[in-house]
Amino acid sequence: MKPIKARTPMAIKEDQASRHTAAKGMETLFGLPFRLPDYLPRGYELTTMSGDEPSTTVNGKTVGSFKTVEALCEAAGNRMLHLFVSDNKQFLKAGKVLRQVKVAGKDAGWAEYSVVSFNGGGREDNGIAYIVSNDSGELTLNEMLRVAGSIY
């Protein structure tokens, strides 16, 4: 496999064609099923997307790697909403699960740190994990579930 440059950001224009093209580009580059949410809370705009394929090396040999793609949505007042997709479910553990919830009928978890994590993204699971994270913590569980549900 060809090495992938870590954290290659792509600036996003806020029109449907640009969003679709950028998402497909990240999906092709990283081989992960990647969709952007159709719904964002008021004031939030998709600003960048990036991807990474970190690996673990022991005694000069690569012993494990995983892929992660991130979309960043920002709003005034330094408010941020992240969407992560990864082929490593352990990478996306977001603290203690406080409540089991459903996203489009699938099991999901509402965790500390204002995170909703779920599997599948509308497709077969195949080891892919999704996480929606609100760093500033002002979004409610219902608002986070609405974002997550719009990914399907």
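The values are calculated or read from the model by the stated rules, or taken from the named source; none is laboratory data. These numbers were taken from a predicted model, which means no experiment stands behind them. Every residue, glycine among them, receives a Cβ derived from its backbone with ideal geometry; neighbour counts consider all protein chains shown.
Values for this structure:
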read-out	value
Inter-residue pairs, beta-carbon under 6 Å, first under 12 Å from Phe84 (Cβ atoms) and in segment 31-45, second surrounded by fewer than 17 Cβ atoms within 10 Å (Cβ to Cβ), 6+ apart	Phe34/Glu27
Residue among Ala17, Ala11, Ala76, Ala6 that alone is at pLDDT 80 or above, out of contact with any Phe, Trp or Tyr (no Cβ under 9 Å at 6 or more places or on another chain), of a type in the set (Gly, Ala, Ser) and loosely packed, with under 14 Cβ neighbours inside 10 Å	Ala76
Which numbered condition Glu70 fails, given (1) loosely packed, with under 11 Cβ neighbours inside 10 Å; (2) modelled with pLDDT of 80 or more	(1)
Residue check, Gly122 at pLDDT below 80, touching an Asp or Glu at 6+ places or on another chain (Cβ under 9 Å) and part of a loop (DSSP other than H, G, I, E, B)	no
